[in-house]
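Worksheet: one structure, shown below.
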Amino acid sequence: MQNIVILVSGSGSNMAAIVRAAERDNWRKLHDARIAAVISNRPDAGGLKLAAAEGIRTDVVDHKRFDSREAFDAELARHIDAHQPALVVLAGFMRILTPGFVARYEGRLVNIHPSLLPAFPGLHTHQRALDAGCRFAGATVHQVTAELDFGPILAQAVVPVLPDDTAATLAARILTQEHLLYPRAIADLLPAL
């Protein structure tokens, strides 16, 4: 069985989309894969409640309890490794990971970013796309490397930027596409693991 561990920091909407797709498309039978655990760096993350309601194991490694990124990442890795993951999925996990952590899961660590990478890595992507006058925006699923939002691109979804868009309306339209794109990209990746 290929175990998938999902890391979240917030509401968990992308995690929920992945869980729904795994159930709907029967990843257990099709890919011999399952969502083994959802781990958060925030004890109050809504994604933990969603995962628990689905019967998925949850765990918290509160980053505020650690004096360094390295110490946090070491403890996070210990919790992840307890599930023997074939894949580690960042789904709104709002922590910059250390190079050592990224190297530990090289080729098995994926993220979704709300822009058409390589454009607009980092934060405030929607407002930056609007400020730049972009006609299109979107989301990118990529393998995680030590360089922030830079790894090999696995899949992208494109949405038009409308004349009356705000950062909030653009973000909402892109999030709808993220919920379709991320599960599909993970399912495409599973046979190669």
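What follows is calculated from the coordinates using simple rules that are stated; it is not laboratory data. As the structure is a prediction and not an experimental result, all values here were calculated from the model. All Cβ positions, even for glycine, are placed from backbone atoms using ideal geometry, and neighbour counts span all protein chains on display.
Just checking, does the stretch 127-146 include any residue being hydrophobic (A, V, I, L, M, F, W, C), within 25 Å of Ala36 (Cα to Cα), crowded, with 17+ Cβ neighbours inside 10 Å and over 14 Å from the mean Cα position of the chain (by Cα)?
No, that holds for no residue.
Of the residues in the stretch 59-81, how many are closer than 25 Å to Arg20 by Cβ and either surrounded by fewer than 18 Cβ atoms within 10 Å (Cβ to Cβ) or charged (D, E, K, R) (or both)?
3
Among (1) touching a residue at least 40 places away in the same chain (Cβ under 8 Å); (2) assigned to a helix (DSSP H, G or I); (3) surrounded by fewer than 19 Cβ atoms within 10 Å (Cβ to Cβ), where does Arg173 come up short?
(1)
Does the stretch 114-135 include one or more residues that are in contact with a Leu (Cβ under 7 Å, 6 or more places away or on another chain) and under 24 Å from Arg20 (Cα atoms)?
Among the residues of the stretch 114-135, not one is in contact with a Leu (Cβ under 7 Å, 6 or more places away or on another chain) and under 24 Å from Arg20 (Cα atoms), which makes the answer no.
What's the number of the only condition in (1) more than 22 Å from Leu175 (Cα to Cα); (2) surrounded by 19 or more Cβ atoms within 10 Å (Cβ to Cβ); (3) free of Cβ contacts under 8 Å to residues at least 60 places away in the same chain that Gly55 fails to meet?
(2) is the only condition that Gly55 fails.
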